[in-house]
Amino acid sequence: MRKKVSAAIVTYKGYEKAHKAVETIIDYTKGVDLDFYIVDNASKDGTASRLKSAFPSLTVIEKNKNDGFARGHNEVLSLIDSDYHAVINPDIIIDRDVLTELSDFLDANTNVGLVTPKILNPDGTDQHLPKRDPTVAALIGRRMFKNRLKDEVSYYRMDDIDLTESRDIEFATGCFFLIRTSLYKKLGGFDTRFFMYYEDMDITRRARQLSRTVYYPYTQVCHLWERSSAHKLKFFLILVTGMFKYFNKWGWRFFYTEKNDSHR
């Protein structure tokens with residue numbers, strides 16, 4: 001009996017990228033039965049209607065306002081009836097049957113609840129997205145004081161670990177992961193207090209309380225990453241607000257070298 005995988009992409013404008021993402025996922029997903037959902041956050045450029053027209057097999061949910069990544073993905077929670085569920089960004093492109101590969105891995109590893117593949121840039125370089133739980137210094141060090149905080153950032157990025165092999169990780173990126181649908185529903189999906197950013201750190205952390213969360217580098221996707229928070233004040237403010245919400249929820253940890261550090 002073939003496995004059933006559901007997948008969701010949340011869109012806000014950006015039809016061309018979303019079309020390419022959907023096209024490659026449909027074209028390459030052959031080994032599982034796929035239920036594919038698009039949740040459109042009130043795009044004003046016709047993204048939802050154009051995707052519906054281009055891909056009649058999609059279930060397209062059109063929202064009347066943009067209330068964020070987390071709420072968008074949670075729209076499908078009550079609809080999905082699958083073995084595994086994929087959370088996918090609209091700027092992802094695949095060139096292989098990655099959903100079947102990852103679902104086979106979850107089949108073979110019943111104590112793993114969430115798995116993420118290698119994420120590549122369009123030029124084939126690694127985006128280095130598996131990470132440890134963040135500290136304040138690690139997050140700040142990625143954007144400023146880079147020389148003074150480079151060791152903190154390096155530890156956050158797991159530069160001390162061989163990531164050519166499968167590893168348990170503490171933070172799986174929200175741009176592409178596969179989760180057991182039963183676990184996703186048990187968690188209640190994403191924490192909707194996060195509009196965008198940090199909701200993936202949060203759900204990985206909650207998933208780890210119930211199962212293993214794993215980086216699986218033997219398959220890959222391409223992520224057309226645009227760091228909007230680095231270019232637009234609005235997104236930077238959303239990023240900072242999310243950081244405060246994250247540390248208020250999980251506790252303020254400033255450096256990995258603190259006495260309560262469990263990693264060393």
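For segment 1-156, the C-alpha radius of gyration sits at 1.18 times the compact-globule guess of 2.2 N^0.38 Å, with N the residue count. The alpha carbons of the chain occupy a box of 55, 43, 37 Å along the principal axes, longest dimension given first. Among Glu199, Glu165, Glu170, sorting on how many other beta-carbon atoms sit within 10 Å of each Cβ, with the fewest leading, yields Glu165, Glu170, Glu199. Within the same chain, lysines fewer than 8 places from Lys118 are excluded, and of the rest, those with a Cα less than 22 Å from its Cα are Lys17, Lys20, Lys30, Lys131.
By the beta-carbon count within 10 Å of each Cβ, the least crowded to most crowded order of Asp33, Asp191, fewest first, is Asp33, Asp191. Among 215-225, 171-181, the peptide with the highest mean count of other Cβ atoms within 10 Å heads the list, and the full ranking is 171-181, 215-225. Sorting the segments 113-120, 77-84 by their residues' average number of neighbouring beta-carbon atoms within 10 angstrom, most packed first, yields 113-120, 77-84.
Relative to one another, the C-alpha centroids of segment 120-197 and segment 1-60 are positioned 25 Å apart.
Every number in this text was worked out from the coordinates using simple rules, so none of it is lab data. On a predicted model such as this, the values are computed, not experimentally measured, just so you know. All Cβ positions, even for glycine, are placed from backbone atoms using ideal geometry, and neighbour counts span all protein chains on display.
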